[in-house]
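Notes follow the structure.
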Amino acid sequence: MMCVQTKFQFWNDENGPGRPPSSKPGRVEKEQSCSSRSQVALTPTPALLPPHCTFPNTCIYCYPSPAMSHTPQRARHLLAAPAFTTPTHALSRSEKTRYSYERAKATVQAYRLTMDDILTLSPKFWEIHQDPLMALDGSAMTLITIQINLTAGTLARQAVNRPELIPVVEDLLSFRKSGQFLMTEVGHGLDIANLETTATLLPSGEFVLNTPSPSAAKFMPPTIPAGLPTVAIVWAKLVANGENRGIRPFLVPINDGKTMCAGVKAKLLSERGGCNPVNHAITTFHNVRLAPEAILGSIEKSASPRVELTQSMWRVACGTIAIGCLALPIMKAYATIGTMYSLRRHVGGPNDRLPIMHFRTQQIPILTLTAQVYVMEAFIEWCTSLFSDTTIDFRVRHAIAGILKTTIVGHSNAGGIAISDRCGVQGLFSHNQMTAMHNETRGIAIAEGDVMVLSIKLVTEMLQGRYKVPPPQNSNSFLARHEKSLFEDNRAVLASCAHHRSDEVNRLILPQCQPIIEAMGHRMAYDAAVAAGVSQNLIDLYEVSCMKLDAAWYSEEAGIGRRALADMESNALDAVLPQLGRLVGQMNVEPWVSSKIVSDERWDAFVEGLEVFEGQSAVPVFRTGETAQLEQKVVRSHL
């Protein structure tokens, strides 16, 4: 892979950041490149640097990266396997789906997760949820997190007291079986307590599973046969002796890998636009007999149905934070693609060519997202540590999960769109990866708790004083003052309302809930980055990127006007710009980047492989004299 670093981009001397020392402003010397070429760009030691590579300290490929970023490399060897090297952008839906299952299976097997990893939320569990496979194939990671967290996680908790479930968990963790999680229904998204699917207790102790109405059909989980025997955790209303005893999870066989099980019907949904396809389906049940052991919980009616449901859904809360972590490798890929393309793409005449990275409008989204990546790494480390601590109030742990997810999704969505836009029309094509990553991030925002609904739940609970999240480490920081002001303003509004479910709360507080959660996340992320020793330049750029989201407040309450805020951002950008090559190289996700615009070699190979249309036909453009005279006569005859 060629080094596309330019002297202009990262040179920093007395002439100022980004300006070459010898030429006049706006002039760029022809870039020189290293000759190291390989299918996967590695990060060699200084001794291995090509002797003529003139930018060893800033080259995105050549810089010997210290362990600053923590991108998992456990499954990196898989990138040489056919399932990972085969281009899929031109394949059929079924072929793409098959590759996603193969990638998911290989990745899970590479991590060698145990039941203990799942139960204790070990570092390896969090690591797989930050694997760069998410940037390459979000569908494979969707299958993985359903398999190991939702399905295996729910069963593992029961298996502690039910050893007959251990072999099922082991089958899932080795991917000998596919596991699915059927909770959401067509008519019921987040109102789980009102699910309609029924599991009726029979005198024999067995259960019969039914979908009583079209709105009770299970929506989304991929239950279509895909080669592996499939089992699912199906959430249904337990009915015993005509009594509704609450929502329970059941272990249900779905298909044998080729054919659906008796009484189970799946209808294949259309593809999610812009994403790698998963065989999402609408699934229904008709008189499906289940063994007495199928229920995962008690058949007795709970004294506190809401508490019992919350406890049985614990893996959904784990999924909230785990699936939020999936946005981090996407952010890293955006930053890598944006940087590489902006260094490769030049504008201007033959003797005055500039990389588009020269322009501040190109630098802002790339540098900002880069800073956010490093801050989010520290934030994830802090959040997952807190969430894994079972001595902390469950409600606080759930709040931390929701805050992380809402915060990182906001950064990923905004940064991804901005960088994709700065890649021009190239950002619109699926072969350049960004459209798929954007839609995967939208899926992350919805799965395991929609960020808007999560924000409403968390803020209304905290405004009522039910629990508190950890306080700021520096209460005088801009972001801490912003968080406190928003929270106190809305607490005053709530105090003036008749009830927390009143129309005033609906109109005045609900629209403010997501901004409040984001403000909490920004402050927590800032504190986590400071505690983790993230570079101050990156923290400063992160801070100002958050301040821009509510510039009115900082003008009104902190006395920072538009010009002052713009100057803060400009200074922070200038400080980070000379480090960009190192920072992006240290993210170490380039091997998982499939975009065709990151190098000339990759683009040329892509164009060479496109379907070609040629021929020998001729289409007359101009009319001959004889034809023109005849047409004139026809026209005159009609006058």
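The values are calculated or read from the model by the stated rules, or taken from the named source; none is laboratory data. Remember, predicted model here, so these are calculated numbers, not experimental data. All Cβ positions, glycine included, derive from the backbone under ideal geometry; neighbour counts span all protein chains shown.
The lone criterion from (1) more than 28 Å from ARG397 (Cβ to Cβ); (2) part of a helix (DSSP H, G or I); (3) not charged (D, E, K, R) left unmet by VAL316 is number (1). For the range 411-435, the set of residues classified as of a type in the set (A, V, I, L, M, F, W, C) and assigned to a helix (DSSP H, G or I) consists of ALA414, ILE417, ALA418, ILE419, VAL425, LEU428, MET434, listed by residue number. Screening PRO203 with (1) touching a residue at least 12 places away in the same chain (Cβ under 8 Å); (2) surrounded by fewer than 17 Cβ atoms within 10 Å (Cβ to Cβ); (3) part of a loop (DSSP other than H, G, I, E, B) gives one miss only, at (1).
Evaluated against (1) closer than 26 Å to GLN372 by Cα; (2) touching a residue at least 40 places away in the same chain (Cβ under 8 Å); (3) under 29 Å from the mean Cα position of the chain (by Cα), PRO471 falls short on exactly one condition, (2).
Among the conditions (1) more than 27 Å from GLN579 (Cβ to Cβ); (2) assigned to a helix (DSSP H, G or I); (3) without any contact (Cβ under 8 Å) to a residue 60 or more places away in the chain, GLY465 misses just one, which is (2).
Go through (1) modelled with pLDDT of 95 or more; (2) within 15 Å of LYS332 (Cα to Cα); (3) of a type outside the set (S, T, N, Q) and name the single condition ALA436 misses. Only one criterion in (1) modelled with pLDDT of 95 or more; (2) within 15 Å of LYS332 (Cα to Cα); (3) of a type outside the set (S, T, N, Q) is unmet by ALA436, namely (1).
Candidates are the residues of the range 140-184 that are closer than 24 Å to HIS70 by Cβ and of a type in the set (S, T, N, Q); the one that is nearest to the chain's Cα centre (by Cα) is THR142. Residues in the range 557-616 that are over 30 Å from MET547 (Cβ atoms), touching a Leu at 6+ places or on another chain (Cβ under 7 Å) and either modelled with pLDDT of 95 or more or in a helix (DSSP H, G or I) (or both): PRO591, TRP592. Among the conditions (1) buried (at least 22 other Cβ atoms within 10 Å of the Cβ); (2) among the hydrophobic types (A, V, I, L, M, F, W, C); (3) part of a loop (DSSP other than H, G, I, E, B), ALA226 misses just one, which is (1). If the condition is being closer than 14 Å to THR114 by Cα, out of contact with any Phe, Trp or Tyr (no Cβ under 9 Å at 6 or more places or on another chain) and either assigned to a helix (DSSP H, G or I) or of a type in the set (Ser, Thr, Tyr) (or both), then the range 145-164 contributes ALA152, LEU155, ALA156, ALA159.
Condition test on TRP553, is it of a type in the set (Phe, Trp, Tyr), in contact (Cβ under 8 Å) with a residue 60 or more places away in the chain and assigned to a helix (DSSP H, G or I)? Yes, satisfied.
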